[in-house]
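The values are calculated or read from the model by the stated rules, or taken from the named source; none is laboratory data. Remember, predicted model here, so these are calculated numbers, not experimental data. All Cβ positions, even for glycine, are placed from backbone atoms using ideal geometry, and neighbour counts span all protein chains on display.
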Amino acid sequence: MTSNIQDFSRPKGGRYVGTAQRRIDGRLKVTGGAKYAGEFPAPGLTYGYVISAAITHGRIIRIDSSAAEAIPGVIKVFTYQNRPKIASDDKKYQDQTAPPGSPMRPLGDDQIAYSGQPIGLVVAETFELARHAATLVEIDYERRPHKTDLEAERGSSYEPKEKRSGISPPPPPRGDAEGAYDKAPVRFENEYRVAVEHHNPMEPHATTVVWGEDGKLTVYDKTQGVQNSQNYVTGIFGLKKDDVRVISPFVGGAFGSGLRPQYQLFLAVMAAMELKRSVRVVLTRDQMFTFTHRPDTIQTLALGASKDGKLQAIKHDAVAGTSTFEDYQEVVVNWSGLIYDCPNAKLTYELAKLNTYTPGDMRAPGATLGVYALEAAMDELAYATGVDPLELRLKNYAEKDENEGKPFSSKELRACYAQGAERFGWSKRNPEPRSMREGRELIGWGMATGAWEAQMMETSARAVLKTDGTLEVATATADIGTGTYTIMAQLAADALGVPIESVTVKIGDSTLPKSPVEGGSWAAASAGTAVQAACHTVRETLFNHARKMEGSPLANFGIDRVVFENGRIAVEGDPSRFVTLTDALAASGEAEISAEETTAPDPKTKEKYSGYTHSAVFAEVRIDEDLGVIRVTRIVDAVAAGRILNPKTARSQILGGVVFGVGMALHEESLMDKEIGRFMNHNIAEYHIPANADIREIDVIFVDEHDDKASPIGVKGLGEIGIVGTAAAIANAVFHATGRRIRHLPITIDKVMGAGEA
Ligand code: MOS
């Protein structure tokens, strides 16, 4: 960690950090000025259309593309038979976030491992022509039996041999969970399931490769990590970093689907290199269902407790589907050892191979599933013991991280419970199921806890102050709609005391200082710290010049005695004694002052403390008793996430997460036809996501939380915590309203009306 990071508790002269600021990129976005990967123009652009495998498992025995290639305007049909030579080593295909295994190689060979696998690319002068020509490509397959039913495969589940980097396996058992469970006066075991979900960002995945005369490629890619995409491309195609520049200034939603480089990137680069022309490949909405999804996961959760609700044993076992070629892993069960104080815990996580594409990270990967099961089970425990659900959580409050045996860097979850309950009016709840109603509507109130990791990653950033007083800050991170541009500008403006309007933020370009993918809710803490550090180095350089100016009013002061404000460096408490930034810069004789810094978490702090964000979610549902229609009429989400840089964009992050949680609870479900082995509702008409009419009141509270350990700027991250706990709070509210416990999400009308399982 660099030493020149300002203590965040005393931001001298800070005008912007901690205040509600509009998105600095908002105007570009609403006026159409913001360009996305599939929109960048290129001279002589050609269009690629992907051919997707029509079978689920087997191999291609014949491809005839002659009819397609005979059409004027069709340039080439790429298949495994004629694709250029590419890397054969798995490592070259393994991006920064890849799970262990052998990544799918588009057009790699004749083998098919899942429905929708890309098996061809038709390149033509127009998109329509390419799409039409794709229908003329004749393909014969040899089919083999497929496995797409997790229930049927759970018997062959296994513990992944190689662990995924950055993903903690379940902690070793503590105490004697089996023994304690058997002796517990109150005990029950249930199975919980959440439907497979697809990310469904508004912007489909797309790549535009601009072929340069010099053979260099400019690649506009929809991604959460430009340098991740760049490394993937250079590794596979044997190119140098200088040959490939990846740019992604705006991302129309990703939610994790842009963490791994996707096949449209591979195919567009391959075609551009072979044809020596610019190529664009845009996936269709149905092709957005042919890569990555939240994994199908069967969870069994057993709780043992005393009669008054003190936890004595937790057993949480999960079996998750993965592909036949990679062992995708996420943290599902560990939350059950973390969130509550319980002396005996046994947590297991296993995988089962399916003929689907490899599942992937989707907003709060693992936690959404595991915390849902835990929090639904805690609600069941509340009814079994007659203890109020909120009281039950307080009774089992974890003072430290018992998985790791460490204190928390900060944990204001008690304040979340208290402030959330107060705002919601929880004390007015009648505990009896079916006890609250208005007309035909049953009313239910439920609550749940949420938790997510507070992470920081090593990141580099550059700051450049120019003679005209403008400040540019740059790092290769992304803004996937989260507000990264805006918080970078706030931090930079405050660090140098300049108006936010004079700050330019550059991100989403592989030529910028090194940054990991934007994921795991770590971007604000990571890029924010790096940007601030770079600005502080500029600040010191500038101050040294200002002090040395002839007759400088600052000559006798150290940097800790001045404030940077309104484009000036002034003596603290005596604003009449100052040097302007532009004068100090002129005195330096330089055209600009620039600094690059790299910041990383302090390993000692990381080893000593456990960092998590927390939340308490309260939900009200109203259910039409005759029709079974559920409306989520009110959500209060009280969040403790350390320092809030921008309450406005922060609130938007939580709103988005909560809406995602409503989708998970009531709407979202990728339906697998087990006979065919394909997700059948591959469009937004049949894959339901919450629409405006589904969303009513969402009240977000940010609880004060001071954390000087999670990151140097006090930030713990917000992108993911909003979804965690939301579905459980809603499911618990549905039980309170109806007396029906529905453990398989989404809770659709048929389940409320009592058809099928409950
Ligand atoms: Mo997030 S699922 O790490 O983009």
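Worth a mention:
- Of the helices (runs of 4 or more DSSP H) contained entirely in the stretch 56-141, those carrying at least 3 residues that are touching a residue at least 40 places away in the same chain (Cβ under 8 Å) and buried (at least 17 other Cβ atoms within 10 Å of the Cβ) fall at 127-135.
- The set of residues in the stretch 412-434 being among the hydrophobic types (A, V, I, L, M, F, W, C) and either under 26 Å from the mean Cα position of the chain (by Cα) or not assigned by TED's automatic domain parsing to the domain that holds Asp637 (or both) consists of Leu413, Ala415, Cys416.
- Cβ-Cβ under 9 Å pairs, at least 6 apart or on other chains, the stretch 241-268 side not assigned by TED's automatic domain parsing to the domain that holds Ile480 and among the aliphatic types (A, V, I, L, M), far side in a helix (DSSP H, G or I) and within 14 Å of the ligand (Cβ to nearest atom): Val246/Asn228; Leu259/Asn228
- The requirement of being surrounded by 24 or more Cβ atoms within 10 Å (Cβ to Cβ) and within 16 Å of the ligand (Cβ to nearest atom) is fulfilled nowhere in the stretch 373-394; no residue meets it.
- Residues in the stretch 716-758 that are polar (S, T, N, Q) and either surrounded by fewer than 19 Cβ atoms within 10 Å (Cβ to Cβ) or closer than 19 Å to Asp637 by Cβ (or both): 2 in all.
- Any hit, the stretch 174-194, residues being out of contact with any Pro (no Cβ under 7 Å at 6 or more places or on another chain) and within 16 Å of the ligand (Cβ to nearest atom): yes
- Qualifying position, being buried (at least 24 other Cβ atoms within 10 Å of the Cβ), within 21 Å of the chain's Cα centre (by Cα), among the hydrophobic types (A, V, I, L, M, F, W, C) and at pLDDT 95 or above, among Ala533, Ala546, Ala523: Ala523
- Any hit, the stretch 110-126, residues being within 16 Å of the ligand (Cβ to nearest atom) and in contact with a Ser or Thr (Cβ under 9 Å, 6 or more places away or on another chain): no
- Residues considered: Gly739, Gly719. Of these, the only one that is at positive phi, touching a Lys or Arg at 6+ places or on another chain (Cβ under 8 Å) and not hydrophobic (A, V, I, L, M, F, W, C) is Gly739.
- Any pair with Cβ under 7 angstrom, 6 or more apart, that starts in the stretch 360-389 at a residue that is closer than 13 Å to Gly725 by Cβ and outside any helix (DSSP H, G or I) and ends at one that is away from the ligand (no atom under 16 Å from the Cβ) and not acidic (Asp, Glu): none
- Residue list for the stretch 308-351, restricted to those being touching a Gly at 6+ places or on another chain (Cβ under 9 Å) and either at pLDDT below 95 or basic (Lys, Arg) (or both): Lys315, Lys346
- Selected residue (only one of Thr477, Thr511, Thr486 is of a type outside the set (A, V, I, L, M, F, W, C), touching a Lys or Arg at 6+ places or on another chain (Cβ under 7 Å), in a loop (DSSP other than H, G, I, E, B) and under 24 Å from Ala34 (Cβ atoms)): Thr511
- Candidates are the residues of the stretch 339-367 that are surrounded by 24 or more Cβ atoms within 10 Å (Cβ to Cβ) and among the β-branched types (Val, Ile, Thr); the one that is nearest to the ligand (Cβ to nearest atom) is Thr358.
- Exactly one residue out of Ser552, Ser502, Ser515 is at pLDDT 95 or above, under 25 Å from the mean Cα position of the chain (by Cα) and either not aliphatic (A, V, I, L, M) or not assigned by TED's automatic domain parsing to the domain that holds His614 (or both), and it is Ser515.
- In a residue-by-residue description of the stretch 391-413, the property of being in a helix (DSSP H, G or I), at pLDDT 95 or above and hydroxyl-bearing (Ser, Thr, Tyr) applies to no position.
- Output for the stretch 443-460, where each listed residue is in a strand (DSSP E or B) and among the charged types (D, E, K, R): Glu453
- Matching residues, the stretch 729-754, being outside any helix (DSSP H, G or I) and touching a Pro at 6+ places or on another chain (Cβ under 7 Å): Gly739
- Any hit, the stretch 503-511, residues being crowded, with 24+ Cβ neighbours inside 10 Å, within 16 Å of the ligand (Cβ to nearest atom) and on the phi < 0 side of the Ramachandran plot: yes
- Output for the stretch 662-701, where each listed residue is of a type in the set (A, V, I, L, M, F, W, C) and under 20 Å from the mean Cα position of the chain (by Cα): Val662, Met664, Ala665, Ile689, Val700
- Filter pass, Gly179 being among the small types (Gly, Ala, Ser), surrounded by fewer than 21 Cβ atoms within 10 Å (Cβ to Cβ) and more than 30 Å from Asn344 (Cα to Cα): no
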